[in-house]
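Derivation of every value follows stated rules applied to the coordinates shown; laboratory data play no part. This is a predicted model, so every value here is computed, not measured. Note that each Cβ is placed from the backbone with ideal geometry, even for glycine, and that neighbours are counted across all protein chains shown.
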Ligand code: GDP
């Protein structure tokens, strides 16, 4: 996950400050020196770092720290707020045309993730009950049209193409007409990318822009390329008037500098962040939440939103009841695991919980997706009756389950023990709360 190095370094600076009853100017200078180095090491633009440190110092030296009983905390709070401001302050929303369709033009260098992001965005809009149209405007890369069509089929979003013999400008124009005629309210135009910015590419993008007059021009940049991503954004912005940036590949171990610098350098807000190759791995970018994550303070809001849009509320309630009266079976266990999986990769989920980022790095706590796969295999190797009545599972049944799931008897024993412990704990918890009375609430 991005920012790991930065988060670690900042945490150690802050842990020194946190306990202090009084922060001298010298303490502050020392801390700021370390924050500065941490940011530079995370590939944040040096001018941005310089201004950032100056602002934090100015505020910290003012009234705020002196008056406080917990000056260390005040400084952390100032860093948090300034970092949030640096990334744009609040979430920059996608534009909406007064009269549909809203036209979104996607731009970016080859390989940045433009085509994938177009589909992710279409999926996001579709989830909000919109009817998007994707447009295959990259006629130069041989597989680009096909790639978009495959993605379109996957998410059931129509793709407009006129093959590779019509000019992208004409394709874009006709696509917008097609959307109007067919009641489609968003048009997402995937344009051609190049390895480097060149005249011809810019000219084509400008012509498309002049023809369809998009409501949004989103530049897709690869966070893994660090400062280069910021430079690319700056060059595009000078020629094309971007309305927003989409930062991709934030799931990789990028140092994260691009996320922090883009807005400050180009003036253009990051509107979305992509955190994976999967089609639903695109999130609206919230500067305040990102700052929180960078500072190792978690991001519970995003986690709750994810849970709300992915977890079936009825099922969750039913599960809660089963936990309370301890009628929780292996089938329910599997069901719960599926629900959690829908939230995305486990290490990303843990990053959103305050303090968990650190726990994750502890040697003996491995967040292992393979382990989850093993557990699933074991449960799938049980018979329906065994899943519903776990007490049935004796030694010989365990041996059969191990063989059937390609695991060992120890694996099976361990899982059943964990399951029993969990049920016992739930039971105790529910008794403690008054025998499954109203006050009992799991999770
Ligand atoms: P385009 O040339 O800009 O259209 O790029 P593509 O959409 O074809 O993406 C290039 C590669 O980057 C593909 O292999 C994508 O799966 C991958 N990719 C795109 N976005 C992300 C992301 O957020 N995370 C990761 N890990 N990979 C991504």
For a quick check, take a GNM of the chain with Cα springs below 10 Å and name the residue from 401, 294, 76 with the largest mean-square fluctuation. 401
Treat the count of other C-beta atoms within 10 Å as a stand-in for reagent exposure and order 270, 279 from fewest to most. 279, 270
Between residue 339 and residue 413, what FRET efficiency comes out of the Förster formula 1/(1 + (r/R0)^6) with R0 = 35 Å and r the beta carbon distance, rounded to 0.05? 0.85
What is the order of 171, 208, fewest Cβ neighbours within 10 Å to most? 171, 208
Percent antiparallel among DSSP beta bridges confined to the chain, nearest 5, equals 10 percent
At q = 0.10, 0.16 Å⁻¹, what log₁₀ I(q)/I(0) does region 135-281 have when each alpha carbon counts as one equal point scatterer in the Debye sum? -0.36, -0.96
Cα gyration tensor category, rounded, prolate or oblate, for region 79-199 with a/c compared to 1.5: oblate
Which one of 230, 217, 13 has the biggest mean-square fluctuation once the chain is modelled by GNM with Cα springs under 10 Å? 13
Difference of contour (0.36 nm per residue) and Cα-Cα distance, residue 154 to residue 199: 12.7 nm
Peptides 136-147, 381-392 ordered by average Cβ neighbours within 10 Å, highest first: 136-147, 381-392
Candidates 395, 178, 130: whichever shows maximal mean-square fluctuation once the chain is modelled as a Gaussian network with Cα springs under 10 Å: 395
For the ranges 108-119, 22-33, what's the packing order if you count other beta-carbon atoms within 10 Å of each residue, average per peptide, and put the highest first? 108-119, 22-33
For the chain, what is the relative contact order in percent, using Cα pairs closer than 8 Å and at least 6 residues apart in sequence? 16 percent
For region 4-86, state what percent of all Cα-Cα pairs lands in each successive 5 Å bin, counting from 0 Å until the bin that includes the largest distance. 3, 16, 29, 28, 16, 7, 2
Points 7 angstrom from Cα along the Cβ direction at residue 239 and residue 96: gap in nanometres? 3.4 nm
Expressed in nanometres to one decimal, the distance between label points 7 Å along Cα→Cβ at residue 280 and residue 25 is 5.5 nm
Between region 86-119 and region 224-242, the Cα center-to-center distance that results, in Å: 14 Å
Can you compute the FRET efficiency between residue 428 and residue 327 using 1/(1 + (r/R0)^6), with r the Cβ-Cβ distance and R0 = 22 Å? Round to the nearest 0.05. 0.90
In Å, descending, principal axis extents of the Cα set of the chain: 72, 64, 40
Taking 0.36 nm per residue of separation and subtracting the Cα-Cα distance, what length does fully extending residue 397 through residue 420 add? 6.7 nm
The residues 211, 266, sorted from fewest to most surrounding Cβ atoms within 10 Å, come out as 211, 266
With -39,500 (n - 2.57) per DSSP H segment of 4 or more residues and division by the full residue count of the chain, the 222 nm estimate, nearest 500 deg cm²/dmol, is -18000 deg cm²/dmol
Can you tell me how much longer the chain between residue 372 and residue 164 gets when fully stretched, taken as 0.36 nm per residue apart minus their C-alpha distance, in nm with one decimal? 70.4 nm
